[in-house]
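The values are calculated or read from the model by the stated rules, or taken from the named source; none is laboratory data. Everything numeric here is computed off the predicted structure, so don't read it as measured data. Heads up: the accessible areas ignore ligands, DNA and RNA and are worked out on the full protein's heavy atoms, side chains in. Shrake-Rupley method; radii C 1.70, N 1.55, O 1.52, S 1.80 Å.
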Amino acid sequence: RVGGGMRPWKQMYSVLRGHSLYLYKDKKEGLAHVNSQLEDEPQSISIKACLIDISYSDTKRKNVLRLTTSDCEYLFQAEGREDMLSWIRVIQENSNLDEE
(Lines give C-alpha, C1' and ligand atoms only; values in the text may rest on other atoms or scores of the structure.)
Protein backbone atom coordinates (compact mmCIF):
# COMPACT_ATOMS: atom_id res chain seq x y z
CA ARG A 1 0.00 0.00 0.00
CA VAL A 2 1.46 3.34 -1.03
CA GLY A 3 1.37 6.41 1.17
CA GLY A 4 2.06 7.19 4.77
CA GLY A 5 5.82 6.83 4.43
CA MET A 6 8.03 3.94 3.44
CA ARG A 7 6.70 0.51 4.29
CA PRO A 8 8.55 -2.78 3.95
CA TRP A 9 7.63 -5.15 1.15
CA LYS A 10 5.82 -8.34 2.24
CA GLN A 11 5.56 -11.52 0.25
CA MET A 12 1.90 -12.42 -0.27
CA TYR A 13 -0.18 -14.90 -2.23
CA SER A 14 -2.84 -13.20 -4.38
CA VAL A 15 -5.99 -14.65 -5.90
CA LEU A 16 -8.26 -12.79 -8.31
CA ARG A 17 -11.94 -13.72 -8.16
CA GLY A 18 -14.30 -11.58 -10.18
CA HIS A 19 -13.88 -7.95 -9.12
CA SER A 20 -11.88 -8.76 -5.97
CA LEU A 21 -8.18 -9.37 -5.43
CA TYR A 22 -7.67 -11.42 -2.25
CA LEU A 23 -4.38 -11.24 -0.37
CA TYR A 24 -3.09 -14.11 1.77
CA LYS A 25 0.11 -14.59 3.74
CA ASP A 26 0.92 -17.72 1.70
CA LYS A 27 -0.49 -20.28 -0.74
CA LYS A 28 -1.55 -22.61 2.09
CA GLU A 29 -3.78 -19.88 3.58
CA GLY A 30 -5.23 -19.15 0.13
CA LEU A 31 -6.13 -22.78 -0.46
CA ALA A 32 -7.62 -23.07 3.05
CA HIS A 33 -9.93 -20.14 2.26
CA VAL A 34 -11.02 -21.68 -1.05
CA ASN A 35 -11.79 -24.94 0.78
CA SER A 36 -13.77 -22.99 3.46
CA GLN A 37 -11.30 -23.95 6.20
CA LEU A 38 -10.40 -20.34 6.98
CA GLU A 39 -12.67 -18.54 9.42
CA ASP A 40 -11.45 -14.97 8.92
CA GLU A 41 -12.16 -13.09 5.71
CA PRO A 42 -8.91 -12.34 3.89
CA GLN A 43 -7.88 -8.83 2.97
CA SER A 44 -9.44 -7.97 -0.36
CA ILE A 45 -9.11 -5.12 -2.84
CA SER A 46 -11.99 -4.17 -5.13
CA ILE A 47 -10.63 -3.79 -8.65
CA LYS A 48 -13.83 -2.30 -10.13
CA ALA A 49 -12.86 0.63 -12.34
CA CYS A 50 -9.25 0.50 -11.12
CA LEU A 51 -6.18 1.54 -13.05
CA ILE A 52 -3.36 -0.97 -13.48
CA ASP A 53 -0.02 -0.36 -15.11
CA ILE A 54 3.72 -0.95 -14.86
CA SER A 55 5.30 1.13 -12.11
CA TYR A 56 8.38 2.88 -13.43
CA SER A 57 8.85 5.09 -10.36
CA ASP A 58 10.09 2.24 -8.16
CA THR A 59 13.43 1.86 -9.94
CA LYS A 60 15.11 -0.36 -7.32
CA ARG A 61 12.77 -3.26 -8.04
CA LYS A 62 11.89 -5.00 -11.27
CA ASN A 63 8.49 -6.24 -12.42
CA VAL A 64 6.49 -3.85 -10.23
CA LEU A 65 2.89 -3.08 -11.10
CA ARG A 66 0.78 -0.25 -9.71
CA LEU A 67 -2.88 -0.83 -8.87
CA THR A 68 -4.85 2.37 -8.27
CA THR A 69 -8.37 2.17 -6.86
CA SER A 70 -10.75 5.01 -6.04
CA ASP A 71 -9.29 5.34 -2.54
CA CYS A 72 -5.82 3.77 -2.51
CA GLU A 73 -2.73 2.84 -4.48
CA TYR A 74 -0.91 -0.50 -4.21
CA LEU A 75 2.41 -1.72 -5.56
CA PHE A 76 2.96 -5.40 -6.33
CA GLN A 77 6.14 -7.07 -7.51
CA ALA A 78 5.65 -10.09 -9.76
CA GLU A 79 8.12 -12.96 -10.01
CA GLY A 80 9.00 -12.09 -13.61
CA ARG A 81 8.12 -9.86 -16.55
CA GLU A 82 5.66 -12.33 -18.13
CA ASP A 83 3.96 -12.85 -14.75
CA MET A 84 3.66 -9.07 -14.29
CA LEU A 85 2.16 -8.59 -17.77
CA SER A 86 -0.25 -11.46 -17.16
CA TRP A 87 -1.48 -9.89 -13.89
CA ILE A 88 -1.96 -6.54 -15.63
CA ARG A 89 -3.96 -8.17 -18.43
CA VAL A 90 -6.32 -10.18 -16.18
CA ILE A 91 -6.91 -7.27 -13.80
CA GLN A 92 -7.75 -5.00 -16.75
CA GLU A 93 -10.16 -7.63 -18.09
CA ASN A 94 -11.88 -8.00 -14.70
CA SER A 95 -12.01 -4.33 -13.68
CA ASN A 96 -14.76 -3.40 -16.15
CA LEU A 97 -17.86 -2.28 -14.25
CA ASP A 98 -20.24 -3.30 -17.04
CA GLU A 99 -19.34 -6.99 -16.91
CA GLU A 100 -20.54 -8.99 -13.92
Interchain or long-range residues, amide H under 5 Å from Ser20's placed H: Ile47
With only alpha-carbon pairs counted, each pair once and no self-pairs, how large is the Kirkwood hydrodynamic radius of the range 9-100 in angstroms? 13.9
Nearest-10 value in Å² for the accessible area of Leu85, using the 1.4 Å probe: 60
Taking amide H positions as placed 1.01 Å from N in the peptide plane, with prolines and chain starts having none, which residues 5 or more places from Glu73, or on another chain, fall under 5 Å of its amide H? Val2
Once phi for every residue in the range 81-89 is put through the Karplus expression 6.51 cos²θ - 1.76 cosθ + 1.60 (θ = phi - 60°), the whole-Hz ³J(HN,Hα) values, with Gly and Pro written as x, are 4, 5, 5, 4, 5, 5, 4, 4, 4
